[in-house]
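See below for the structure under consideration.
The values are calculated or read from the model by the stated rules, or taken from the named source; none is laboratory data. Since we're looking at a predicted model, the values are computed, not measured. In this analysis, Cβ positions are derived from the backbone assuming ideal geometry, glycine residues included, and neighbour counts consider all displayed protein chains.
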Amino acid sequence: MPQRQQKKQEKQELAKSSPQDLTKRKAQMLKSCPDIVDVVARVNAINVIRDEFMEEGVHYGIVPGTKKMAIRKPGVDVLCLAFQFGIDCEIEFEEIEGHEGHREYVGKGTVTHIPTGNILGSGSGSCSTMESKYRYRWDYTKTPVPKKYWETRDRTLLGGEDFFPKKTDDGYVIAKRIENPDIADQYNTCAKMAEKRIRSACIQNVTACSSLFEQEDMAGFAAAFQEADVTIKETTEEAPTSTISPQAVDTLTKLLDATSSSVDKFLMDYLIDDVSQLEVANWDSAYTDIKSGKYGPDKQKGKF
């Protein structure tokens, strides 16, 4: 029976129930609820596990440019081990109409308590080869980005909507975003990503830890903030995104000041006029460069 039809039937049966049946039903529901002490204990246990057994940057981490915490696969594995959870995932795929060769992997996971076999909850997730990091690749040219582009941000100066400025070892050049010619190479990756998202959703649903962890960025946490390799087939970078958030601007500004870095050197290196113009895709490298002392100390400020 379809889920929608089943819910409709349940509502009809509930409407026909007598007051005595409703009272009995409510009592059964309250009886099935966990004791408040147990709930508090479980929440505290998750906090202890995160603080004592997880390492930021390995099991979880803050998504660059945001304040959201993302739980990663190793973090999911630790919680499964700690609470003796087993997650059974069922994933199917279907061809995406109108886009030859593209697939969407959709699935659902069921969480069981291994010692007792009790089903605790479920979660769902998906991944598609139409996501930009899988769908597109970059065709790098040797043409430098015109200076006028940085003033107007008009992509017609680069060649059109499919052309973007990309940073290489030789500076910024024009790159064209093209369809991935080897999309079938991404099938296994997308299937595994769908499974990872399902497992993350299951853990959050069962442990109610969403206040501590957000699901890993659906576009891919690491790949979204790493610079792409110059070789098209080796790149994993997703399509360009907007400039960094005001919070990220404040973070970089404070870091520049704390490391006595030359702001002018930093802006010149990234070909921008202000920190707020830094693209999200360049956040990771910019943060690393500043922290490593690449632009400091700034002798003009009289700092060491």
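The lone criterion from (1) modelled with pLDDT of 80 or more; (2) in contact with a helix residue (DSSP H, G or I) (Cβ under 7 Å, 6 or more places away or on another chain); (3) surrounded by fewer than 16 Cβ atoms within 10 Å (Cβ to Cβ) left unmet by Ser200 is number (3). Taking the criterion of being surrounded by 13 or more Cβ atoms within 10 Å (Cβ to Cβ), out of contact with any Lys or Arg (no Cβ under 8 Å at 6 or more places or on another chain) and either at pLDDT below 85 or not β-branched (Val, Ile, Thr) (or both), the residues of the range 48-67 that qualify are Arg50, Phe53, Met54, Val63, Pro64, Gly65, Thr66.
Candidates in the range 141-167 are the residues that are in contact (Cβ under 8 Å) with a residue 24 or more places away in the chain and more than 29 Å from the chain's Cα centre (by Cα); of these, the one that is surrounded by the most Cβ atoms within 10 Å (Cβ to Cβ) is Val145.
For Trp138, the criteria (1) modelled with pLDDT of 90 or more; (2) loosely packed, with under 15 Cβ neighbours inside 10 Å; (3) of a type outside the set (Ser, Thr, Tyr) hold in every case but one, which is (2). Scanning the range 163-173 finds no residues that are at pLDDT 90 or above, farther than 21 Å from Gly101 by Cα and outside any strand (DSSP E or B).
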